[in-house]
Each structure stands twice: as C-alpha cells, then as structure tokens.
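To start, the structure itself, in structure tokens.
The values are calculated or read from the model by the stated rules, or taken from the named source; none is laboratory data. Values in this document were obtained by computation on a predicted structure and should not be read as measured data. Every residue, glycine among them, receives a Cβ derived from its backbone with ideal geometry; neighbour counts consider all protein chains shown. With ligands, DNA and RNA removed, areas are computed over all heavy atoms of the protein, side chains included. Shrake-Rupley method; radii C 1.70, N 1.55, O 1.52, S 1.80 Å.
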Amino acid sequence: MDAASTAWILAATMGVSLMVPGLALFYGGMVGARSILNVVMMTFGAVAVTAFVWTLFGYSAVFGDSYGGAGVLGDVAAYPGLGGVIVEDPAATLPPALVAVFQALFAAITVAIICGAVVDRVRFGPWLVFSAVWVTLVYLPIAHWVFAFDSADGSVRGGWIANTLAAVDFAGGTAVHINSGIAALALILVLGKRIGWPGQPRPNSVPFAALGGGILWFGWFGFNGGSALAAGNSASVVLLTTFNAACAAMLGWLLVERIVDKHATTLGGVSGVVAGLVAITPACGAVSPIGALAIGLAAGAACALAVRLKYRLGYDDSLDVVGVHLVGGVLGTLLIGLLADPAAPNGRTGLLYGGGFELLGVQAVAVVAVLAYSFVITWLIAKALDATLGLRLSREVETEGVDIVVHGERAYDLDGHVHAPLAGIGAREQEVVASAEAAITDVPTAARD
C-alpha cells in the first residue's frame, strides 16, 4: 500500500462526499420557497438509492472484466456485494474498498445532478425508482466505457472509450456531466413543462445557492484531484487547472451578463464557477494552466448564453442542468482536442500544439456515443416509468407546493405556528391544533410582535 496516496484519496473522498450537501444547497437556494425540501430530498435520495445498486452489482459492472472483451459492460458477478474488496491486498497501491467508495460517489452525484432539471414536477417515490433504474442501465455501462482501464497484465479488459478509442476524460466529463445533462433533457421532454412556465418562482435564497456553489468548488478538488489516484504531480497539476478554470468561468459568465443584461448577478457568478468546474473535469489532466483559463472563459460565456436557449426552444429546464452540465461537459471534452499540452499529466497533444485533428476526432466520437446512448435509454426509462408508476406530480400538488403536500414540512416557518404531533390523538384534539395554528396565522404581524 502507498500510505501517502491512500491518505490523499481518503481526503479526496471526504471532499467529494461534501458535494452532496453542496449540490442540495446550490439547487435548494435556486428553487422557490415551497420546493426547497423536495430538491434536498431528491438529491439525498438519489445518493441513498445509488449505494444499494453500487454495492450489489454496480462496482462490478464498471470495473469487472468486460464481457467478451467488447468494452461495453463489466462482469456484474465480479465483486458481488463488494465482499471481496474489504480484504486487504498488499500488492495494491490503494485499498480496494477506498476505490469502491470513491467511485460510488461519482455514480451518486451523476444521478443527483439530473434532479435539478425537473424539480416541481416529479413524484418523490417514482424519482427514487428512476434513480435506481437509470444508474443501472445508463450510468454503469457508460462508466465502464470511460473509467475501466485494461489491467497491466491484460487479464482484465476495460471499456472501449478508455482503451480502444483512447479518448481523454480525466475525471468524468463524459460519464458524469454529458451523461447527466443529456439525460436531464430526455426526462424534461417526457415530463413536459411546469404549470405557468416560462413564469417561475424566484430563488428563495441566493446566499444558500452561493454557499452550495462554494461547497461544490471545494468538493471538486477532491473529485478531479482524487481521480489521479495518487499523491503526486498529477494531482497537483489537476488542482491548479481546476482552480484556474473555475475562476475564469465566473468572469466569462459575468461578462456575458454585463453585456446582455447590463448587470452582473451573484447567482450568475456562482453558476459560472460551476460551469467552469464542469468543463475542466475531463481536461484537468490534459491542459496547461493557460489552457485551463481558456476553457474556463469559454465555458462561462457559452453556458451563460446556453441557459437562455430554453426559452427560445421551449424546454423547461428548471435549474439549467442542460445549459451548464451538458454544454459545459461537451465543450470541455472537445477542447481537449485543441488545447491538450503534451507536458500535462495525460501527455496528449492537441491541434494547437501540433497534434493534428486526430485527438479532436477521438473526443468527438466519445461525446456522440455518450449523447446517443444516454438520451435514448433515459427517454425509454422515463416513458416506461411514467406509463406504469406515473412520474409527474398532479396539478393540485404542483400548484399547492410539493414540500408541504409530499413531505409534510415547510423549509421556513417565520410565523412560529403551533405544532403538535397528530399521531395517536383524536379528531377533537386535531381540530384544536388546527384552530390554534389558524388563530396564530390570522393575527396581524404587528400584534404578534
């Protein structure tokens, strides 16, 4: 075991785990006040469901020996229940259990990203079912294509994008961001628009969204840097390029806002940071610090423009998952073909460094393959679940507010309503509680003060 690398990946894994509450806060701050708890629950719920899939067969499907050496799917029986990974392997650089939990968080974050596109429209129970089915049929095969490398002795075959095609994707631009972004679009098209769209609730807390974005930024250092799977120069370069791209993208987004809208917003600045992090994810080990700045600027400006397309094209992407994750992921993956620096850890040469068009073509093939597979399978999953379980919230629930109807809670109770548990008490007592709440609600604010 390499003690230094193990310590680094342990720290990186804890950083990635913080992306879960970071994403929940980022999304939660952007939705209306009646939906914040629902989007938090959808985020955490997707993560919880993924743990079961990953443990039972997900890790095997991604990192098991590819069936027939085709590079399409790993052997789902390779590590059943992950029992084998808890046994120490002295010859391994990292504990197998550590790799398993690090990659489990990648799967969980990917499906959780999707929920931001469809908040205010999806029933919570069917969303959990969708998460489990989507991870199984969409994420696991694509993650095998991208993350599973052939073993050094050739005894285990990995995915076709990583090995046969040899595309560059350091930390998951294709498997995570392009995948979740195009899946979000497919799900949006199945569910349709929210009631009253393009009118939509104002963000309930921009500071919450900014805090969530900052936590995501912190976790992204673990997400990208941990993908080096070692403590050393590669991880260090990745942290630098990740930082540069995020900063540049914030400025790129704000510049577009200033030119188009005549003001630069806090939410725009934070969204720019996330767009830059998305775009640099595949390229963080392939470009120079200057290349990272270029990718960040391009992603910030492009994503700021892309989020406006939903109004022209008529698709209701609640929190701009398509505009940020799909567009940012595609842009970052393709720009590797132009900006890859042979001195960077990946050691590949892009067009601007004299490498010709070959790498750009390779990156384009990877992008198109993920787009096509994820969109088609996600659309089929969504149609099947909508026909059987019913994915869409009823009109009444959507109008009244999903937090109070579905979860029985309010994110904010600024009036100090009387509350008593209703289980185990009679109808008369329930009437008293309801009357007390109504009485307090009806008292003018000045009198209550």
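Solvent-accessible area of segment 153-228 (1.4 angstrom probe, protein heavy atoms only): carbon and sulfur portion equals 64 percent. The HIS407 and SER155 beta-carbon pair, evaluated with R₀ = 45 Å, returns a calculated FRET efficiency of approximately 0.35.
Rounded to the nearest 20, the size of the Cβ-charge dipole of the chain about its Cα centre is 960 debye, with Lys and Arg at +1 and Asp and Glu at -1.
For segment 1-152, carbon and sulfur atoms together expose 74% of the accessible surface, with a 1.4 angstrom probe and every protein chain in place.
Assuming 0.692 mPa s and 37 °C, estimate D for segment 92-231 with Stokes-Einstein, Rh taken as the Kirkwood radius over Cα pairs, in µm²/s. Rounded to a whole number, D works out at 190 µm²/s. For segment 260-340, the Kirkwood estimate of hydrodynamic radius, built from reciprocal distances between every pair of different alpha carbons, is 12.8 Å. Ignoring ligands, DNA and RNA, please state the percent of accessible area on segment 259-306 from carbon and sulfur, probe 1.4 Å. Ligands and nucleic acids excluded, carbon and sulfur give 77 percent. In plain terms, the C-alpha convex hull of segment 315-401 casts an average shadow of 8.1 nm² when viewed from every direction. Computed from point charges on the beta carbon alone (+1 for Lys and Arg, -1 for Asp and Glu), the dipole magnitude for segment 100-238 about its Cα centre is near 620 Debye. Projecting the Cα atoms of TRP220, ASN163, TRP197 onto the charge dipole of the chain, computed from C-beta unit charges around the Cα centre, puts TRP197 farthest toward the positive end.
Ordering VAL133, LEU56, ALA117 by Cα displacement along the dipole of segment 42-161 toward the positive end leaves ALA117 in first place; charges were set at the Cβ atoms of Lys, Arg (+1) and Asp, Glu (-1).
Highest-first packing order for the peptide set 41-50, 179-188 is 179-188, 41-50, based on the mean count of other beta carbon atoms within 10 Å. Each principal axis of the Cα cloud of segment 33-79 was taken in turn, and the coordinate range along them, longest first, works out to 51, 18, 8 Å. Here the contact order of the chain, divided by its residue count and restricted to Cα pairs under 8 Å and six or more residues apart, works out to 20 percent. Coordinate range of the alpha-carbon atoms in the chain per principal axis, descending: 74, 55, 43 Å.
The convex hull drawn around the Cα atoms of segment 269-310, when projected onto a plane and averaged over every direction, covers 2.9 nm².
For segment 269-278, 3J(HN,Hα) computed residue by residue from phi via the Karplus equation (6.51, -1.76, 1.60; θ = phi - 60°) reads x, 5, 5, x, 4, 5, 4, x, 5, 4 Hz, glycine and proline entered as x.
The solvent-accessible area of GLU358, taken with every protein chain present and a 1.4 Å probe, is close to 140 Å².
Where the alpha-carbon atoms of segment 194-322 are placed on the principal axes, they occupy 52, 26, 25 Å, in descending order.
If the chain between ALA92 and LYS262 were fully stretched, how many nm would it gain, using 0.36 nm times the residue separation less the Cα-Cα distance?
Difference between extended and current length: 55.7 nm.
Taking Rh as the Kirkwood radius computed over C-alpha pairs, what is the Stokes-Einstein D of segment 75-114 at 20 °C in a medium of viscosity 1.002 mPa s, expressed in µm² per second? It comes out at roughly 187 µm²/s.
Put simply, the C-alpha atoms of segment 1-65 give a gyration tensor, and the ellipsoid matching it has half-axes of 30, 18, 7 Å, longest first. Across segment 17-127, the convex hull enclosing all Cα atoms gives 120 Å³ per residue.
The residues of the chain present an accessible area of 41 Å² per residue when probed at 1.4 Å with all protein chains retained. Take each peptide in 28-38, 389-399, count the other Cβ atoms within 10 Å of every residue, and average; sorted highest first, the result is 28-38, 389-399. Ordering VAL176, ALA100, THR349 by Cα displacement along the dipole of the chain toward the positive end leaves THR349 in first place; charges were set at the Cβ atoms of Lys, Arg (+1) and Asp, Glu (-1). Taken about its Cα centre, segment 310-387 carries a charge dipole of about 100 debye when Lys and Arg each add +1 at the Cβ and Asp and Glu each add -1 at the Cβ. For segment 158-261, the share of alpha carbon pairs falling in successive 10 Å distance bins from zero is 11, 26, 37, 19, 7, 0 percent.
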